[in-house]
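The values are calculated or read from the model by the stated rules, or taken from the named source; none is laboratory data. Predicted, not measured: the structure shown is a model, and the values here were computed from it. Glycine gets a Cβ as well: all are built from the backbone with ideal geometry, and neighbour counts include every protein chain shown. Ligands, DNA and RNA are excluded from the accessible area calculation, which covers all protein heavy atoms including side chains. Shrake-Rupley method; radii C 1.70, N 1.55, O 1.52, S 1.80 Å.
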Amino acid sequence: MKRRAWLTLGAVVLGGGGIAGYAVASPSTDGAGGPTERPVKVYNLGLKAPETGERELPRTETKQFSLLGISWTGATKKLDGKAQVRTRSVDTGTWTSWQDLETDADPVEDADERAGARGASEPLWVGPSDGVEVQVVHEDGTTSAGLPSGLRVNLVDPGVTAAEADAATEPAAYAEDVTPSPTATPTATTPPAPASTVPEPPIVSRADWGANEDLSPDPSEYNTDVKAVFVHHTAGSNDYTCAESASIVRAIYAYHTAPAPSGNGWNDLGYNFLVDKCGTIFEGRKGGVDQPVLGAHTYGWNRESAGIAVLGEYTAAGASNAALTSVAEIAAWKLGQYGVDPASTVQLKAGATQKNFAGTSFTSGSSYPFDAISGHRDGYATECPGNSLYGQLPTIRAWAAGPVQGLKVTSLTGATLSGSTYWTKGAITVKWSTTTPVSLISKFELLVDGNVVTTVPGTAGSASTTLAAGSHKVAVRAVHQSGKTTPATTALTVVADTTAPVFATTPRITLRTGTVETAAVPVTLGWKATDAQALKQVNLVSPTTATFGPTITSSNRTAKSGAASTWSMTAYDVAGNTRTSSPAFTPMILQETSATKSGSWASRSSSSYLGGKSYSSGSKNASLTWTFTGRSAAWVVSRASTSGQAYVYVDGTKVATVDLKSSTTKYRQAIWTKSWSSSAQHKIKIVVVGTSGRPTITTDGLVYVK
């Protein structure tokens, strides 16, 4: 059957087969002026045990608290059942859902020597609260099993330090601007701390998080060395703000040190270090962060290890990358003091006969293999540090031990990729990323042809260099804070080229067939660009814009007649070198009236003609001759189904017979064109053939380019 032990505080209400209620806390702030300084306080409330098996606490008013736990008589006695609590928020006045307490906390190793030592749950951070209910649900299949005697609930108010009160209106600064805690001054019983192989990370000292040293009057004890670290979680909500982290540490400290039955009655905080979800590291047990201080964190294994606890509960959800990074940093630094590789396996001597969470048996005095970074559950029968955080331990080991993982080049700026080769004029910037946090990386090296050309700190994400002309191999490698070097990334082929492209054929326009308008004469723009390495593209800059691939050498465009137009083109190679050519051309329209006539020609008027007029003739051998100086010419005509043929002479030589016949009537048609490599004087003569049945031709003038 189920047996419940109920603790009820405050006004009694009926609830779920038992008695439930709440109590209103005394004020914790003075008006609207914000929090004021107040000391840490610990309260304990006992549970009565009537014969019914139900336990309840009489109506009691409670002070404000933010952390709680339960304890019972017998330091080594296990709680046979599941302890659950729910609390009332000071801010909202609402009750939380039931939360499980971790009751498999490690017993004190010297419990027999400590008067009044008690069994206890792990502390649970619930945030500012003013009411609590506790129940112990027992299931063993019997009706006679009892609950532990002396069952009490312990409530901790972490208080407010003077510094916190003064900074109440300022942003929290625990996650930044912290400096390494001062090392302990060696004494006759405290040898100088050995130097570590890796840098010490920033640590918030006990003074800075508000430790009341009066709670821990006993002197510190020291181990010979540190062979391993055990990772824990503190349980409780993960919804805390990082500004609350110091308060949480103070509350755990008070819970661990308060005399029984109000607390565990330990001589100090059990963990050597604590880490919040923002990555802030807090000094735990006193004695010097650089010393092998004996902790009380992993029953049976404290003599050769240090304990690192992550604030929060990590059974279903994993710890943040910031927290994992800081755990890796502090573990690497502490193990580095004693020459232990964080990725190695070490031998630890058992201090107690017991089993761990997986059922592995240990015998006191015998040695067993452990990962240098292990979970609490590896040494003791507990779910700590939670399934998710336990699954993140391989990541912590890899980050702490090195080499740098996941190094890859993410971009190469100052260069253009063509195929598998990058092209640059010389100056390049290489960017990269890693999966190892930058705080664990010593430096990055930029390699050119296998040689280090630039070294940047581990916090950098890029490096720059200027390459000499020619082909090079560019790569990056990383050096972990442990000194381990990551193999270089796959080398990129980068060619440095400073030679600009050339225009083998200067851009020019030539007339083409099509409809002629005074503002839009059909032309073909032609060019040819080459490069000693690799041409990328050619851009038309004016009088309009266009982009062409490296193999394109012409484009049909239009040009305005009677005005000079600059045809500016820029050639680009893949390295970014450029060459610009900007010739100017002027298309000119010569009306039919400007030609020298022979034979009979009739003038026609229509808005469809260039200039409103044209000449027609059906007389055989009638001719028109235009003389001009230019490099391209086009004869412009009107066409119809009755149009005839004409001979075309260039500089006295017959070059073509042109048929003007068309199934549809068309005006202003450039029907025949001729271009030369350079500008010169030319004569174009049109002669009427006198085609049988359709002798008439209609000419609308001549267009040439000068």
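Observations
- Sites THR36 and SER388, calculated FRET efficiency, Cβ-Cβ separation with R0 45 Å, nearest 0.05: 0.70
- Once the chain from SER464 to LYS82 is taken as fully extended at 0.36 nm per residue, the excess over their C-alpha distance is 131.5 nm.
- Applying a 4.7 Å Cβ-Cβ cutoff to the chain, the cysteines left without a disulfide-compatible partner are CYS384.
- Counting Lys and Arg as +1 and Asp and Glu as -1 over every other residue whose Cβ lies under 14 Å from the Cβ of VAL655, the net charge comes to +3.
- Cβ-defined net charge surrounding LYS355, 15 Å radius [Lys, Arg +1; Asp, Glu -1]: -2
- Between SER420 and SER606, the simple label model (points 7 Å from Cα in the Cβ direction) yields a spacing of 6.5 nm.
- Violating pairs (Cα-Cα greater than 32 angstrom) within the set LYS408/LYS536; LYS349/LYS408; LYS277/LYS334; LYS560/LYS666; LYS41/LYS77; LYS41/LYS355: LYS349/LYS408; LYS41/LYS355
- Mean residue ellipticity (222 nm) of the chain, computed from DSSP H runs ≥ 4 via -39,500 (n - 2.57), nearest 500: -2000 deg cm²/dmol
- Per residue, segment 534-644 exposes an accessible area of 43 Å² to a 1.4 Å probe, with every protein chain left in place.
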